[in-house]
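The values are calculated or read from the model by the stated rules, or taken from the named source; none is laboratory data. This is a predicted model, so every value here is computed, not measured. Cβ sites come from the backbone with ideal geometry, for glycine too, and all protein chains shown count toward neighbours.
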Amino acid sequence: MCPDHQTQQNFLDQHKGFLLKRQTVVTSIATLKKSHSEDEAISCLVLGTESANIFILDPEAFTILNSVSLPSVAAFLSVSGLYDVEYRILVACRNGHIYTLKRGTKVGRPTVELNSQAVGLVRREKSMVIATMDRNVHCYTNKGKRLWTIEMDSLVMCLEIIEVKSLSLRLVAIALNDKRVLIYKDKHLVDTIYTDTSVTAMLYGRFGREDNAFVLIMRGGGLMVKILRRKARFVVDDMLGSGPTSAHRLNVPKKTKLFVDQTMRERENSVLMHRVFQHDLYKLRLNTARQYVRALETSSNPVSLSQSEPLKLSAQVLGLGPTFKIRVELQNTSVGNPSLGLLVVFHADHHIYSVQNSVIPVSMLVPGVAYVVETLVTSVSELGVADTVRVLVVKDKSPRPVLTALINMPVAEGVSLA
C-alpha cells in the first residue's frame with residue numbers, strides 16, 4: 001500500500017499505459033494429443049497453475065484453447081484422449097479431491113474425496129490409481145467408485161504406468177521410501193526392484209532404440225536406466241499375493257427375480273443345455289482345426305511355424321494414391337540361425353495395380369534384426385476400385401511359400417470414377 005496520495009498518483013501515472021496481466025506459476029504439466037493418437041502426432045500442452053486453473057495451449061501459436069477453473073491448485077495431471085475428438089483429464093488437487101475434466105466443460109467435476117493428500121496419480125484403462133500420504137494406494141473407477149486399497153510398508157514417493165505393448169499389459173510401478181520399487185498387476189505384486197537410495201521420479205517408455213526402458217531418478221541425484229528383458233513375464237506370485245494388509249471387498253450383487261428365474265430354468269433343463277453347449281463347442285473346435293490346417297497348407301500366416309525358417313512378417317501401406325508404397329518388415333525369430341536365399345514376391349491383379357518391383361531378393365536375415373523391403377504400387381484401374389495385394393516370402397527351389405500376407409489396399413484418392 002502507498003503511504004500518501006502523491007505516491008499513489010505517481011504509481012498510477014507510471015503504470016497506466018501497461019496492460020493488466022495476471023501472472024501465475026505452473027504447478028503441473030502434461031501433454032494431450034490434438035487430433036491423432038500416433039506417437040509422432042502433434043500434442044497440446046496441459047498446464048495446472050497456482051491460480052487454480054487448467055490451461056490447454058495450442059501447439060503452434062501457444063494460445064489458450066481452453067481454460068477450466070478448479071476449487072484448488074492442481075498437483076498431478078493424468079490425460080487421455082484427443083483434443084479434437086474427446087478427452088478426459090484427471091486432476092489431483094491440494095485439497096485432497098480428484099476432479100474430472102471433459103471436452104466442453106468449464107468447471108471441474110469432483111470425482112473422489114481422499115482421506116489424505118495425493119502423492120501420485122496414474123490412469124489405467126477404465127480406472128485410476130492414486131497414492132496418498134498415509135501409505136495407501138487406492139484404485140477407483142472413472143466415476144469415483146473404489147475398487148481396492150493396498151497399505152504399503154513405507155511412504156509412497158511416486159507412481160508410474162508401465163505399458164508393455166508386446167504383452168498387452170499395463171502395470172503400476174510404486175516407488176517407496178525404503179529403497180524399493182514395487183510393480184503391481186492390478187492389486188497383485190509381480191516384481192520388486194531394489195535400489196541404493198530412494199526413488200523420487202520415474203518414467204517408462206522409449207529411450208534410444210529400446211521401446212521398454214525404465215528411467216529412475218534417485219534422491220541423491222543419481223540416474224538409473226533399466227531395460228525390460230524380452231523374455232520377461234509378469235506372473236502373480238501366490239506367496240506374495242497383494243499383501244496381508246489388502247482390503248478385499250467382494251462385490252456380490254443382489255438376487256433379482258430374473259436371476260432366480262434363470263437359475264430355475266437352468267436347473268430344470270440342465271441336461272439339454274449341456275448337450276447343446278457340447279455340440280456348439282465341438283463344432284467350434286472342428287471349424288478352428290479346419291482353418292488351421294488350411295492356413296498351414298497355404299502358408300497364409302504372417303508368422304512362420306517352420307522350425308527351419310522361423311520368420312515374422314508385417315506390412316504397411318503408405319500414401320493416398322494413386323501411387324502407394326508398401327513397406328514390408330521381415331524378421332528372423334530364431335536364436336542363432338540366419339536365413340539365406342529368400343525372395344519377397346508381390347502379387348496383384350495387373351488390371352488394377354502395377355507393381356514396380358514384384359520380386360525382391362533378401363540376401364541374409366540375421367536373427368533379431370528387422371529387414372525392410374519397399375516397393376511402389378500404382379493403381380491403374382479407372383473404376384476407382386480397391387483390391388488386395390498378396391506378399392509371399394519364398395525360398396529358392398521350394399514349391400511352397402514360407403510366409404504369406406494379404407494386404408487390403410485402400411481406394412486411391414487420385415483416381416476418378418468412370
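Here are the numbers for this structure:
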quantity: Conditions (1) surrounded by 14 or more Cβ atoms within 10 Å (Cβ to Cβ); (2) at pLDDT below 85; number of the one not met by VAL335; calculated: (1)
quantity: Number of the exception - LYS106 against (1) at pLDDT below 90; (2) within 25 Å of the chain's Cα centre (by Cα); calculated: (2)
quantity: Residue among THR27, THR63, THR49 that is in the same structural domain as TYR87 (by TED's automatic domain parsing) and more than 22 Å from VAL122 (Cβ to Cβ); calculated: THR63
quantity: Tally, over the stretch 23-79, of residues that are closer than 20 Å to VAL107 by Cβ and either free of Cβ contacts under 8 Å to residues at least 24 places away in the same chain or outside any strand (DSSP E or B) (or both); calculated: 14
quantity: Matching residues in the stretch 117-141 - criterion: being more than 14 Å from ARG88 (Cβ to Cβ) and exposed (fewer than 14 other Cβ atoms within 10 Å of the Cβ); calculated: none
quantity: Top-ranked residue in the stretch 394-410 [being at pLDDT 85 or above and assigned to a loop (DSSP other than H, G, I, E, B); ranked as surrounded by the fewest Cβ atoms within 10 Å (Cβ to Cβ)]; calculated: PRO410
quantity: Qualifying residue in the stretch 201-208 (condition: surrounded by fewer than 15 Cβ atoms within 10 Å (Cβ to Cβ), touching a residue at least 40 places away in the same chain (Cβ under 8 Å), within 30 Å of GLY108 (Cα to Cα) and assigned by TED's automatic domain parsing to the domain that holds GLU40); calculated: yes
quantity: Unmet requirement for ARG180, which otherwise passes all of (1) at pLDDT 90 or above; (2) not assigned by TED's automatic domain parsing to the domain that holds GLU151; calculated: (2)
quantity: Identity of the residue in the stretch 155-177, modelled with pLDDT under 90 and either of a type outside the set (A, V, I, L, M, F, W, C) or more than 21 Å from the chain's Cα centre (by Cα) (or both), that ends up surrounded by the fewest Cβ atoms within 10 Å (Cβ to Cβ); calculated: SER168
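Quick grid of which residues meet (1) more than 31 Å from the chain's Cα centre (by Cα); (2) loosely packed, with under 13 Cβ neighbours inside 10 Å:
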residue: LEU320; (1), (2): no, yes
residue: VAL328; (1), (2): no, no
residue: LEU365; (1), (2): no, no
residue: VAL385; (1), (2): yes, no
residue: VAL391; (1), (2): no, no
